[in-house]
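Down below is the structure, laid out as structure tokens.
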Amino acid sequence: MTKRIFITATNTDIGKTYASGLLLKELAAQGLKVGVFKPIETGVIDEPLDGKKLFDLALELNPSLNTLSLNDIVPYQFKLPAAPLVAKEDKLISLEYLSTKLHAIESLCDVVLIEGAGGLMVPVEEDLYMVDFISYFKTSVLLVVPSRLGSINDTLLSRYLLDSKNIKYTWAINYYEDKDTFHQVTAPFYKDNYLTLQDDIKEIANKL
């Protein structure tokens, strides 16, 4: 059975696509046939930039994906750079349709990375949020958090939500902002109980 890993973050522009790229390379290096799926991307003008970046890398690592198109990898694309609930206007986002697309990708892979849009509580429909994709697709979870000042609050809120829903997850810091002050300002709260994308991607992949 194909392994599914959902990549989420504390907010938008935190590093989900960067984390997915690192994981794709690490999992492929372990001999696995990798694939990617980005159910929804907003802010799309000519093409979904994040989805294309991931698909191009996955194709390089797993050429059998060449039977698929970018529209298979990113089924829902909207121009407005906003939450899917807003960007989609009157269009209905169907989980059943997404499942069909995911199954097609899985037939070519050992593991599929599913990249969410924004953070966990981004609204997709009136009664559907990005966090709901985790239970619906029955995935493992990587929560990406930033290294900047203020990230502790955001990290704890996201972890509290996952814990309250009894969702198991691995979390890791994208060590890219406030690097000069991170070890003095933020790291002491986490003590030694944290992983970073830059230094611990192999351990992260193994935990997932």
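The values are calculated or read from the model by the stated rules, or taken from the named source; none is laboratory data. All values derive from a computational prediction rather than experimental measurement. Positions of Cβ are backbone-derived with ideal geometry, glycine not excepted, and every protein chain shown enters the neighbour counts.
Starting from residues that are over 17 Å from K52 (Cβ atoms), modelled with pLDDT of 95 or more and not in a helix (DSSP H, G or I), keep the ones in the range 12-41 and report whichever is nearest to the chain's Cα centre (by Cα). Once the filter is applied, the top-ranked residue is G15. Pairs linking a residue in the range 93-107 that is in a loop (DSSP other than H, G, I, E, B) to a residue that is surrounded by 13 or more Cβ atoms within 10 Å (Cβ to Cβ) and hydroxyl-bearing (S, T, Y), with Cβ atoms under 7 Å and 6 or more positions apart or on different chains, are I93/Y76. Taken together, the residues in the range 108-128 that are under 26 Å from A82 (Cβ atoms), among the acidic types (D, E) and in a loop (DSSP other than H, G, I, E, B) amount to 2.
Kindly check whether there is at least one residue in the range 147-162 that is closer than 25 Å to G31 by Cβ, in contact with a Phe, Trp or Tyr (Cβ under 7 Å, 6 or more places away or on another chain), surrounded by 15 or more Cβ atoms within 10 Å (Cβ to Cβ) and of a type in the set (A, V, I, L, M).
No, every residue in the range 147-162 fails to be closer than 25 Å to G31 by Cβ, in contact with a Phe, Trp or Tyr (Cβ under 7 Å, 6 or more places away or on another chain), surrounded by 15 or more Cβ atoms within 10 Å (Cβ to Cβ) and of a type in the set (A, V, I, L, M).
Entry remark, the range 1-39: residues being farther than 17 Å from L59 by Cβ and free of Cβ contacts under 8 Å to residues at least 40 places away in the same chain number 3 in total. Of the residues making up the range 152-207, those that are touching a residue at least 12 places away in the same chain (Cβ under 8 Å), part of a loop (DSSP other than H, G, I, E, B) and either among the acidic types (D, E) or within 21 Å of K138 (Cβ to Cβ) (or both) are K165, I167, K168, Y169, E177, D178. Only residues that are over 15 Å from the mean Cα position of the chain (by Cα), of a type in the set (V, I, T) and surrounded by 13 or more Cβ atoms within 10 Å (Cβ to Cβ) were counted across the range 87-117, and they come to 2.
Within the range 129-151, is there a residue that is assigned to a strand (DSSP E or B) and touching a Pro at 6+ places or on another chain (Cβ under 7 Å)? The answer is yes, given that some residue of the range 129-151 is assigned to a strand (DSSP E or B) and touching a Pro at 6+ places or on another chain (Cβ under 7 Å).
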